[in-house]
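**Student:** Here it is, the structure in full.
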Amino acid sequence: MAKYKLKTHKGTQKRISISGSGKIMRTKGGKSHLRRKRSARAKRLYDEMLVASTSDARRLRKLIPYGV
């Protein structure tokens, strides 16, 4: 007997990615506007992906059940 398929949360799918080793990587918030006043170094730091905390990773895995 087939189980139901789970729906992927599309907003989460666009914001996070899964690394090759299975870690959930996230982007920083606050990078869309009001960046002119920041230094070039601070603006570059917005580009990198960070590992999500373990408590967040558990919650995010439920939102993207089949990976990104």
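**Student:** Which ones in the range 1-45 are within 13 Å of the chain's Cα centre (by Cα), surrounded by 10 or more Cβ atoms within 10 Å (Cβ to Cβ) and in a loop (DSSP other than H, G, I, E, B)?
**Tutor:** HIS9, SER19, LYS23, THR27, LYS28 - these are the residues of the range 1-45 that are within 13 Å of the chain's Cα centre (by Cα), surrounded by 10 or more Cβ atoms within 10 Å (Cβ to Cβ) and in a loop (DSSP other than H, G, I, E, B).
**Student:** Has the range 54-66 got any residue that is touching a residue at least 40 places away in the same chain (Cβ under 8 Å) and loosely packed, with under 11 Cβ neighbours inside 10 Å?
**Tutor:** The answer is yes; a qualifying residue exists.
**Student:** Tell me which residues, restricted to the range 46-65, are over 11 Å from HIS9 (Cβ atoms) and part of a loop (DSSP other than H, G, I, E, B).
**Tutor:** TYR46, ASP47, GLU48, MET49, ALA52, SER53
Where a number appears in this text, it was derived from the coordinates with a stated rule and is not lab data. Everything numeric in this text was worked out from a predicted model, so none of it was measured. So basically every Cβ, Gly included, is an ideal-geometry build from the backbone, and we count neighbours across all protein chains shown.
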